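Reading through the structure tokens given below for one structure.
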Amino acid sequence: MDKYRNPLESRYSSPEMLYNFSPQMKFSTWRKLWLALAETQKELGLNITDEQISQIRENVDKIDFETAAKYEKQLRHDVMAHIHALSEVAPKAKPILHLGATSAFVQDNENLISTREGLLIIRKKLVNVIKGLNDFAKTYKDLPTLGFTHFQAAQLTTVGKRATLWLQSVLLDFEDLEYRIENLRFRGVKGTTGTAASFKDLFDGDYNKVKELDRRLSEKFGFKKVLAVTGQTSDRKIDSQILDMLSGIAQSAHKFTNDIRLLQNLKEIEEPFEKSQIGSSAMAYKRNPMRSERISSLAKFVMSLAANPAMVAATQWFERTLDDSANRRLSVPQAFLATDAILIIWNNILDGMVVYPKVIEKHILDELPFMATEYIIMEGVKHGGDRQELHELIREHSMEAGKQVKIEGKPNDLVERILADPRFNIDKEKLKSVLDPKNFIGFAPVQTEEFLENHVQPILEKYSDLLGMDSDLKV
């Protein structure tokens with residue numbers, strides 16, 4: 001415990017995402033790329049033996065990291081270090097390893113593979129967030145609650161309708177995620193500066209064979225699309241686009257936690273709070289929204305990371321420059337790891353979110369008389385009153401009722417004041433029946449039903465196999 005540990009590893013991220021960016025995944029993928037390169041070159045007529053290919057295949061996952069580290073310290077080149085380490089256990093393959101390729105062949109193609117796998121992990125977790133929000137919205141689609149604009153009481157909505165606002169943002173993120181998965185392009189086999197000059201020599205100038213090498217190898221790794229042209233590296237704009245998308249997920253998550261924390265302060269909705277959980281070391285009664293706060297903290301980190309690949313993409317020189325290397329090792333994996341953690345926590349919250357209908361009702365009743373004033377004026381006019389005079393009377397009574405609430409700390413008595421004023425001439429029982437909160441929620445329930453049915457259910461049906469995940473927190 002005497003060395004820094006990244007908290008994304010020790011506290012937050014899932015085993016599958018940690019593995020996806022692990023040294024084992026990275027360097028075994030390098031060896032798979034070398035294996036596929038040799039196999040495809042052999043298919044296209046180069047003098048490569050089955051024994052050479054077999055030795056590479058046998059050692060794809062058997063990586064001696066200590067040997068590789070010794071070579072890298074000596075050579076100051078990670079790709080050459082791993083070529084030498086593999087050559088020790090696959091000596092027959094040494095002459096044809098990495099044949100015609102440049103370092104970016106393994107580095108960038110591996111980055112794109114881990115990016116694709118990371119996106120698939122994110123998709124699974126995001127689908128489960130969508131399911132959790134869907135179920136919450138459906139359960140509470142009819143429960144009236146105060147709407148807020150500027151965090152001031154506004155017209156009523158329902159708890160479920162509010163959840164559709166969270167969902168709408170997530171669906172926009174999901175649409176972006178699907179696009180990135182579908183359109184992620186492999187680098188393929190392009191040579192040192194993207195001209196395939198080395199492969200031109202290997203295949204005696206046969207351009208069709210060089211193109212076929214690129215096509216076949218990309219296909220073996222499951223990529224539908226390949227970058228048409230490159231310099232030495234894949235287009236660094238790809239990282240920028242991917243992290244922009246992850247930033248979008250973080251933004252939606254942060255907005256959700258803002259609302260949950262405000263609602264928890266109002267005692268209307270709470271995130272889960274475990275039996276032995278401690279809210280404060282000093283104030284034992286506290287139920288702090290630590291899950292929501294953890295999401296908001298991680299979300300800020302992800303949003304900040306989106307600037308890194310943007311700067312990298314903007315400042316590359318010609319066919320390549322190496323000032324992206326350290327940055328990409330940090331920003332891209334950590335953006336995935338942190339987004340992964342956000343989605344785990346988000347699912348955990350949705351698994352145990354608690355709603356307090358009686359508190360919500362109390363807050364509605366405190367404000368509902370003010371919201372009913374439009375109806376009261378209309379009823380007064382029907383019974384012979386003057387609209388402008390009644391408007392002024394409502395204003396005067398509202399001011400007095402407001403004083404009762406804000407200064408005296410008493411209940412809102414606006415309705416009683418109006419009923420006691422003969423100038424309104426309103427039927428008491430009719431007015432009280434009108435003051436049912438459900439009369440003030442507009443089309444919120446049906447809007448919620450239609451949104452869930454038309455926009456959410458198709459996603460849940462398409463990805464039903466991804467539903468169900470462990471959302472337990474490490475700490």
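The values are calculated or read from the model by the stated rules, or taken from the named source; none is laboratory data. Bear in mind that the values here come from a model prediction, so they are computed numbers and not experimental data. With ideal geometry, Cβ positions are generated from the backbone for all residues, glycine too; neighbour counts draw on all protein chains shown.
The single condition from (1) out of contact with any strand residue (DSSP E or B) (no Cβ under 7 Å at 6 or more places or on another chain); (2) part of a helix (DSSP H, G or I); (3) in contact (Cβ under 8 Å) with a residue 12 or more places away in the chain that GLU319 fails is (2). Looking only at region 225-273, how many residues end up being closer than 30 Å to THR102 by Cα and touching an Asp or Glu at 6+ places or on another chain (Cβ under 8 Å)? Residues flagged as closer than 30 Å to THR102 by Cα and touching an Asp or Glu at 6+ places or on another chain (Cβ under 8 Å) within region 225-273 amount to 8. Considering ASP244, ASP259, the condition of being in contact with a Pro (Cβ under 9 Å, 6 or more places away or on another chain), farther than 30 Å from LEU35 by Cβ, surrounded by fewer than 19 Cβ atoms within 10 Å (Cβ to Cβ) and assigned by TED's automatic domain parsing to the domain that holds ASN347 is satisfied by ASP244 alone.
Within region 69-94, residues that are surrounded by fewer than 17 Cβ atoms within 10 Å (Cβ to Cβ) reach partners that are part of a helix (DSSP H, G or I) with beta carbons closer than 6 Å, at six or more positions or on different chains, in the pairs LEU75/ALA81; LYS92/GLU51; LYS92/GLN52; LYS92/GLN55; LYS94/SER87. What number goes with the only condition from (1) part of a helix (DSSP H, G or I); (2) among the aliphatic types (A, V, I, L, M); (3) under 23 Å from LEU112 (Cα atoms) that ALA69 does not pass? ALA69 satisfies all of (1) part of a helix (DSSP H, G or I); (2) among the aliphatic types (A, V, I, L, M); (3) under 23 Å from LEU112 (Cα atoms) except (3). Scanning region 296-306 for any residue that is modelled with pLDDT under 95, at negative phi and in a loop (DSSP other than H, G, I, E, B) turns up nothing.
With a requirement of 2 or more residues that are aromatic (Phe, Trp, Tyr), the helices (runs of 4 or more DSSP H) lying completely within region 95-208 that satisfy it span 103-139, 159-183. Restricting region 416-440 to residues that are at pLDDT 85 or above and in contact with a Leu (Cβ under 7 Å, 6 or more places away or on another chain) leaves a set whose member that is surrounded by the most Cβ atoms within 10 Å (Cβ to Cβ) is PHE440.
Restricting to region 360-392, give me the number of residues that are part of a helix (DSSP H, G or I) and either at pLDDT below 90 or of a type in the set (S, T, N, Q) (or both).
Residues that pass the stated criteria total 22.
Screening PHE174 on (1) at pLDDT 95 or above; (2) in contact with a strand residue (DSSP E or B) (Cβ under 7 Å, 6 or more places away or on another chain) shows it passes everything except condition (2).
Within region 460-475, if we keep just the residues that are part of a loop (DSSP other than H, G, I, E, B) and of a type in the set (A, V, I, L, M), the residue that is nearest to GLU178 (Cα to Cα) turns out to be LEU467. None of ASP351, ASP324 is more than 28 Å from PHE27 (Cα to Cα), touching a residue at least 60 places away in the same chain (Cβ under 8 Å) and in the same structural domain as LEU266 (by TED's automatic domain parsing) except ASP351. Taking the criterion of being modelled with pLDDT of 95 or more and of a type in the set (Gly, Ala, Ser), the only residue of region 256-295 that qualifies is SER292. Just checking, does region 306-325 include any residue being crowded, with 20+ Cβ neighbours inside 10 Å, farther than 30 Å from PRO23 by Cβ and among the hydrophobic types (A, V, I, L, M, F, W, C)? No - not one qualifying residue is present in region 306-325. For region 441-475, give me the residue count where each residue is surrounded by 12 or more Cβ atoms within 10 Å (Cβ to Cβ) and among the acidic types (Asp, Glu). Of the residues in that region, 2 qualify.
One line per residue, one yes/no per condition, for (1) in the same structural domain as LEU46 (by TED's automatic domain parsing); (2) free of Cβ contacts under 8 Å to residues at least 40 places away in the same chain; (3) of a type in the set (Ser, Thr, Tyr):
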{"position": "ASP173", "(1), (2), (3)": "yes, no, no"}
{"position": "ARG180", "(1), (2), (3)": "yes, no, no"}
{"position": "ARG185", "(1), (2), (3)": "yes, no, no"}
{"position": "VAL189", "(1), (2), (3)": "yes, no, no"}
{"position": "LYS200", "(1), (2), (3)": "yes, yes, no"}
{"position": "ARG216", "(1), (2), (3)": "yes, no, no"}
{"position": "THR230", "(1), (2), (3)": "yes, no, yes"}
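For region 48-59, the condition holds for at least one residue, the condition being that it is at pLDDT 95 or above, loosely packed, with under 13 Cβ neighbours inside 10 Å and under 28 Å from ASP206 (Cα atoms).
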